[in-house]
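*Asks:* Have a look at the structure that comes next, please.
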Amino acid sequence: MTEKFTGSFTQQEPIPDEAIEAALAVLRHGRLHRYNVVEAELSETALLEQEFAALTGARYCVAVASGGYAMALALRSAGVQPGDSVLTNAFTLAPVPGAIASVGAKPVFVGVTRNLTIDLEDLVAKADQASVLLLSHMRGHVCDMDRLMEICSASGLRVIEDCAHTMGAEWNGVPSGRHGLAGCYSCQTYKHVNSGEGGLLVTDDEEFAARSIVMSGSYMLYERHLAAPGPEVFERIKYHTPNISGRMDNLRAAILRPQLRDLKQQVARWNDRYRRLEAGLRNIPGLTVIERPEMEQYVGSSIQFLLLDWQESKLLDVMRRCSERGVELKWFGAAEPSAFTSRYDSWRYANSTPMPSSDRILAGILDMRVPLTFSLDDCDLIARIIRSEVGAVYQSDA
Ligand SMILES: *Cc1c(COP(=O)(O)O)cnc(C)c1O
């Protein structure tokens, strides 16, 4: 009998009842706009910011419309100007170079290692080309952040972290998003908390925070924020800071607050599933498991493995055969962008120079989502399917 997996790789869990109740309360009073409050009322959005700042240990937080907006806002607040170069990862997703392009700046791509983290040697080589690094913790892989911050401090590079896949993760006990100038998170359905769309930006820098709040669309209502600097900081910047509306609303914030309270527990559930898959993928000839460093406290909401130096036809064969058995793998090596995946050289609005050692890694990365709707038995089954199909193709003649 050939086993098949029948679950969905894109089905997340339902919104928790407590969040649904909170959403209904907002719908019933009708004050969805974050600054629409009655006397002495604290808005859901302001409370979300306060709670997320506390969760990450940041002084300031601003909630916005999307993760992509949070990154663009961070670049603007950091003073990135049209024409500037901004360093970023070659291995990431389209919203990251897109955020750089949205402020008129130019992405300069830094390579990827076989641990799927940013290539720190390549970063050293390119550090003098920009003053900001938009560091994408792509698919939740966190590089040696101590070493990265050393490199960036030595070359005057300010770091903005893209934590779309690392909300709840840490490096050496420091929450992801808290190493550099700012951290950006996404609350989109496929990330670690789900309000459909949404983003969060955290920082300890008071002027950066004030600029971000005003730019996000606060008008002169910034005193209704709870995770913001004092009015004297806004006095310094308010006449010079444009309003580029991208606020979060109270309905999304209401849905997110209970989910943040559950985050730690959800992370543990993701990691149970990740470890089952990882164990099931070990010792398969031709397949390389990504080893996770001890300093990294990851969130296993997706898993990657390498079929390094495989012929393209064989790799595609593995994907096809797995897909026929219900296991959806995504490939980062494809010449043409498809669905959510694309490669740095598909973003043709940004010049890139070929990076042969990164291309070799990208050509071997297979990627799979791990939604919490999967049971541990599902994870075992998926690993068995991958094992048998990789085995069958690996042994076959070309
Ligand atoms: C999803 C994602 C983003 C942006 O998030 P949105 O909320 O969809 O704008 C940024 N970076 C990465 C790596 C992502 O996967």
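*Asks:* Run the quick spin-label model on R59 and N36: label points 7 Å from Cα toward the beta carbon, then report their separation in nm to one decimal.
*Replies:* About 3.4 nm, to one decimal.
*Asks:* What ³J(HN,Hα) values, in whole Hz, does the Karplus curve 6.51 cos²θ - 1.76 cosθ + 1.60 give for segment 113-124 when θ = phi - 60°, with x put for Gly and Pro?
*Replies:* 8, 6, 8, 6, 9, 4, 7, 5, 5, 5, 5, 4
*Asks:* Let me ask something additional. Quick check: residue separation of E223 and A25 times 0.36 nm, minus the Cα distance between them. What number comes out in nm?
*Replies:* In short, 68.9 nm is gained.
*Asks:* Report, by chain and number, residues whose modeled amide H sits under 5 Å from the one on E296, excluding near sequence neighbours (fewer than 5 apart, same chain).
*Replies:* N172
*Asks:* Something else now. Enter the accessible area per residue of segment 70-118 (Å², integer; probe 1.4 Å; all protein chains in place).
*Replies:* Roughly 26 Å² per residue, with all protein chains present.
*Asks:* Follow-up question, since we're still on this one. State the extension gain, in nm to one decimal, for the chain segment bounded by E121 and Q311, taking 0.36 nm per residue of separation less the distance between their alpha-carbons.
*Replies:* Extra length from E121 to Q311 when fully extended: 65.6 nm.
*Asks:* Fully extended, how many nm does the chain gain between R236 and N351 (0.36 nm per residue separation, minus their Cα-Cα distance)?
*Replies:* Length gained, R236 through N351: 37.7 nm.
*Asks:* How big is the accessible area of I361 in square angstrom, nearest 10, if you roll a 1.4 angstrom probe over the protein chains?
*Replies:* 10 Å²
*Asks:* Expressed as a whole percentage, what fraction of the accessible surface of the chain belongs to carbon and sulfur atoms when a 1.4 Å probe is rolled over the protein heavy atoms? Show your work: numbers first, answer last.
*Replies:* Working: 8410 of 16760 Å².
With neighbouring chains kept in place, the figure for the chain is 50 percent.
*Asks:* With every protein chain left in place, what is the accessible area of R147 in Å² (1.4 Å probe, nearest 10)?
*Replies:* Its heavy atoms expose roughly 100 Å² to the probe.
*Asks:* OK, next. Please calculate how many Å² of accessible area segment 1-59 carries per residue, with a 1.4 Å probe and no DNA, RNA or ligand atoms counted.
*Replies:* Heavy-atom SASA per residue in segment 1-59 reads 61 Å².
The values are calculated or read from the model by the stated rules, or taken from the named source; none is laboratory data. Bear in mind the structure is a predicted one, so any value in this text is a computation, not a measurement. A quick note on method: Cβ atoms are made from the backbone with ideal geometry, for glycine too, and the neighbour counts reach across all protein chains shown. Remember, those area values only see protein heavy atoms, side chains included, never the ligands or the DNA or RNA. Shrake-Rupley method; radii C 1.70, N 1.55, O 1.52, S 1.80 Å.
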